[in-house]
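Below is one structure; the comments refer to it alone.
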Amino acid sequence: MIKIAVCDDERIFRDEISRILKTYSQEMNAKLEVECFVSGEALLQSTVEYDLYFLDYYMTGINGMDTAWLLRNRGIKAQIVFLTYHKEAMQEAFKVKAFRYLIKDSNKEELYHCIDDFINDCCSYEKIKVNGIEGYMIINSKNIQYITASHNGSEVWTEDGSYHSCYSLNEWELRLDRRSFFRSHKNSIVNLGFINKVDSIIELTSGERVELSRRSKLKLQSAMINYISKYA
């Protein structure tokens, strides 16, 4: 079951998004559970953690961007889609790692494509078994920030801690989605979604720093452009 929150202070759009999502659920035989909210304040009062949030960018009271920031500050990593009349909102959307932004006059097909991509890209990440301090752990590949080589395998770094893996970096390269992961150095692989800044070294949103070889820098820039284009 995919839990979806639709938050928009304009009833006509809130109802239309909800209607299309329910139609998608029936036509595609997808298990979607949709709940609507009239404001950012109402959404933030909910104790439910949704898998996907549709947020009106310009709402009265707490607007969509501030609502997204507050969700992220709670540690919620779910995907966010902004609904807006203005394309200028796209740049701001990346600051909270938004999955998409949709212009409010988007048609049914565009919303269907958005849900298709969400299911394909975010609900089908590989779950991988790695060694933890207390035994084996199952982690979702989307939560991996970066991976570094070790003498007998590799170390997998996530927001929740690090884990040892028997896989080499070459094996990880074959296993991970190259649209989202990049071999930045002979000793490291990085998740493009966690990159904050690139200079002579890669700085992640967590403040961690990952090695970057000189010959990989231009390739990384190209990979980032493709990544941003895909998730814009």
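The values are calculated or read from the model by the stated rules, or taken from the named source; none is laboratory data. Since we're looking at a predicted model, the values are computed, not measured. Counting neighbours? That spans all protein chains shown, and the Cβs are built from the backbone with ideal geometry, glycine included.
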* Structure fact -> Quick count over the stretch 160-179, residues being closer than 12 Å to Ile144 by Cβ and outside any loop (DSSP other than H, G, I, E, B), is 6
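Any chance the stretch 16-27 includes a residue that's under 28 Å from Phe194 (Cβ atoms), outside the structural domain of Ser180 (by TED's automatic domain parsing), in contact with a strand residue (DSSP E or B) (Cβ under 6 Å, 6 or more places away or on another chain) and at pLDDT 90 or above?
Let us first name the residues in the stretch 16-27 that are under 28 Å from Phe194 (Cβ atoms), namely none.
Checking the stretch 16-27: not a single residue is under 28 Å from Phe194 (Cβ atoms), outside the structural domain of Ser180 (by TED's automatic domain parsing), in contact with a strand residue (DSSP E or B) (Cβ under 6 Å, 6 or more places away or on another chain) and at pLDDT 90 or above.
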* Asked: Among (1) within 18 Å of Leu220 (Cα to Cα); (2) at pLDDT 85 or above, where does Leu174 come up short?
  -> (2)
* Asked: Name the residues in the stretch 148-171 that are among the hydrophobic types (A, V, I, L, M, F, W, C) and within 20 Å of the chain's Cα centre (by Cα), would you?
  -> Val156, Trp157
* Asked: For the stretch 87-100, does any single residue satisfy the condition of being crowded, with 19+ Cβ neighbours inside 10 Å, more than 13 Å from the chain's Cα centre (by Cα) and modelled with pLDDT of 75 or more?
  -> no
* **Residue that is modelled with the lowest pLDDT [pool: residues in the stretch 180-216 that are part of a helix (DSSP H, G or I) and under 23 Å from the mean Cα position of the chain (by Cα)]** => Gly193
* Of all residues in the stretch 23-46 being among the hydrophobic types (A, V, I, L, M, F, W, C) and out of contact with any Leu (no Cβ under 7 Å at 6 or more places or on another chain), which is surrounded by the most Cβ atoms within 10 Å (Cβ to Cβ)? -> Leu43
* Within the stretch 133-166, can you find the residues that are in contact with a Gly (Cβ under 8 Å, 6 or more places away or on another chain) and at pLDDT 85 or above? -> Tyr163, His164, Ser165
* Any residue in the stretch 55-63 that is assigned by TED's automatic domain parsing to the domain that holds Arg11, modelled with pLDDT of 90 or more and in contact with a Leu (Cβ under 6 Å, 6 or more places away or on another chain)? -> yes
* Regarding Lys219, is this residue surrounded by fewer than 16 Cβ atoms within 10 Å (Cβ to Cβ), under 26 Å from Phe99 (Cβ atoms), within 20 Å of the chain's Cα centre (by Cα) and at pLDDT 90 or above? -> no
* Structure fact -> Restricting the stretch 50-69 to residues that are touching a Lys or Arg at 6+ places or on another chain (Cβ under 9 Å), in contact (Cβ under 8 Å) with a residue 40 or more places away in the chain and not aromatic (Phe, Trp, Tyr), the one farthest from Cys114 (Cα to Cα) turns out to be Asp56
